[in-house]
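Engineer: Take a look at this one; I'll ask things after.
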Amino acid sequence: MEKIKRIGVLTSGGDCAGLNAVISAVVAAASKKGWEVYGINDGTEGITEKPHRYEVLTVKNFSDSPWPRLSGSYLGSLNKGMRVESLEEVSNRFAVGVKELGLDAIVVIGGDGSMNIVSNMCKNSLVKIVGIPKTIDNDTPITEFSVGFQTAVQYCTTAVDSLELTARSHNRAMIVEVMGRDAGHLALHAALAGSADVCLIPEIPYSLNGIINKLKEIKARGRNHAVIVVSEGLKTENGTAVTSTKNMVGEMIYGGIGQYLCDEISKRYNEFQFRVTTLGHLQRSGVPVAFDRLLAALFGAKAIELLDKGEDNKMVVWKNGEVSAVNLPDVVKAGTTLVNTQGKYVKAAKDLGIYIGEI
Ligand code: F6P
């Protein structure tokens, strides 16, 4: 087994809180083994473009700085905007870049899409890879939690708490639209943590009448306000997307379902005033909560341990309260993980009387 001397670490896809804590853990664990760490800028672009963009990261210049405590990505991240004609072309440039930079392995901090793309590039360039899952959507397969999710849940829960208080002052039903793409994990966790009255996620069909009946029930027991959490990927009652805007790689840019619900419910029921709050990119920022930093530490250490043992082409995961590793091809094969509609979180929402749709 060839000894590792230098690794690259990069962040790929949409940012989230905790990325710098992961980078720091990777730097600390790798440095302890005597390995050099190149922090690659702007995802794979720092490797594929010339001049290559990277920085040598050490415990002294990075881990000892305030950066590990801050959100955003110190390295910059590439979010679905590859400036190339074909994946084959970028993959070839990646192989050349890896060679020129002298990288023996790459730690990629990303979601399932990034794991897929970067693991293919690594296969092509014969460089070792270990993945560390991150995303506020929590839709990376196999791992129960990805870095950044808990901070986003905390942000959304705080928003629900705040909206409940202002709703109380004005006989209002507050609709709060949260991110998550096609997965409702973020909405569901925030609704449970914040004791919302209604939680609507893309995985479960709903009806406007179902929502209105819940609001009537609240009113009948003497409460003058309500909070409705809605996941951005939810469609209209009859299954139509509220937006058709797409990003550079043809993926839907979500937003607007909160306003749709506000308009439609207001037409049918006026015992409450309705207002919409869209939390947007604030959910990806803020101070990373302790659990995200704990995951960052455990994942970073595990990734380096795997590479040291010669176990590559893996992604670290959090499962059954333990850190372990799974094969990257299995992650790619599993694809995006949606909310299990038979799972414990949906069951709890139903048991607590939250209207979660027609299920
Ligand atoms: O995947 C993370 C995420 O924040 C989604 O929840 C959201 O739909 C999307 O990224 C927003 O992407 P962008 O930063 O390109 O607007």
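Where a number appears in this text, it was derived from the coordinates with a stated rule and is not lab data. As the structure is a computational prediction, the values presented were derived from the model and not from experiment. Note: ideal-geometry Cβ built from the backbone for every residue, glycine included; neighbour counts use all protein chains shown.
Engineer: Could you please state, rounded to a whole Å, how far the C-alpha centre of the range 271-314 is from the C-alpha centre of the range 104-167?
Structural biologist: First find each Cα centre; the distance between them is then 6 Å.
Engineer: I need the GluC sites (Glu not before Pro) found in the range 45-111, filtered to DSSP loop residues with at most 10 other beta carbons within 10 Å of theirs.
Structural biologist: For GluC sites (Glu not before Pro) across the range 45-111 that sit outside H, G, I, E and B with at most 10 neighbouring Cβ atoms in 10 Å, the list reads 85.
Engineer: A follow-up question, please. I need the semi-axes of the equivalent ellipsoid of the range 83-215: take the C-alpha gyration tensor, multiply each eigenvalue by 5, square-root it, list largest first in whole angstrom.
Structural biologist: 43, 15, 12
Engineer: Still on this model: Apply the a/c threshold of 1.5 to the C-alpha gyration tensor of the range 238-293 and tell me whether it is rounded, prolate or oblate.
Structural biologist: Verdict is oblate for the range 238-293.
Engineer: Among 293-299, 274-280, 243-249, 314-320, what's the highest-first ranking by average C-beta atoms within 10 angstrom per residue?
Structural biologist: Most protected by this proxy first, the peptides run 293-299, 314-320, 274-280, 243-249.
Engineer: Over the chain, what is the relative contact order in percent, taking alpha-carbon pairs closer than 8 angstrom and at least six residues apart?
Structural biologist: Relative contact order here is 22 percent.
Engineer: Computed on alpha carbon atoms, what radius of gyration and Dmax characterise the chain, expressed in Å?
Structural biologist: According to the Cα coordinates of the chain, Rg and Dmax are 21.9, 71 Å.
Engineer: Let me ask something else about it. Of 297, 340, 108, which is farthest towards the positive pole of the chain's charge dipole, taken about the Cα centre with +1 and -1 on the beta-carbons of Lys, Arg and Asp, Glu respectively?
Structural biologist: Result: 297.
Engineer: For the range 1-120, count the residues as N, evaluate 2.2 N^0.38 Å, and divide the Cα radius of gyration by that value, please.
Structural biologist: Dividing the Cα radius of gyration by 2.2 N^0.38 Å gives 1.01.
Engineer: I've got another one for you. Going by the alpha-carbon gyration tensor, a ≥ b ≥ c the square roots of its eigenvalues, is the range 259-320 rounded (a/c under 1.5) or, if a/c is not under 1.5, prolate (a/b greater than b/c) versus oblate?
Structural biologist: Verdict is prolate for the range 259-320.
Engineer: Here's another thing I want to ask about it. Please give the peptides 151-160, 206-215 ranked by average Cβ packing (other Cβ atoms within 10 Å per residue), highest first, as a rough proxy for protection.
Structural biologist: 151-160, 206-215
Engineer: Under a Cβ-only charge scheme (Lys and Arg +1, Asp and Glu -1), can you give me the dipole magnitude of the chain about the Cα centre, in debye to the nearest 20?
Structural biologist: Around 520 debye, computed over the chain.
Engineer: Could you tell me whether the range 138-294 comes out rounded, prolate or oblate from its Cα gyration tensor? Rule is a ≥ b ≥ c as square roots of the eigenvalues, rounded for a/c under 1.5, then prolate if a/b exceeds b/c, otherwise oblate.
Structural biologist: oblate
Engineer: Quick check on the range 177-263: what does the Kirkwood estimate of hydrodynamic radius come out to from the alpha carbon pairs, in Å?
Structural biologist: 13.6
Engineer: Give me log10 I(q)/I(0) at q = 0.11, 0.14, 0.19 Å⁻¹ for the range 201-359, Debye formula, one equal scatterer per alpha-carbon, no solvent.
Structural biologist: -0.67, -0.97, -1.30
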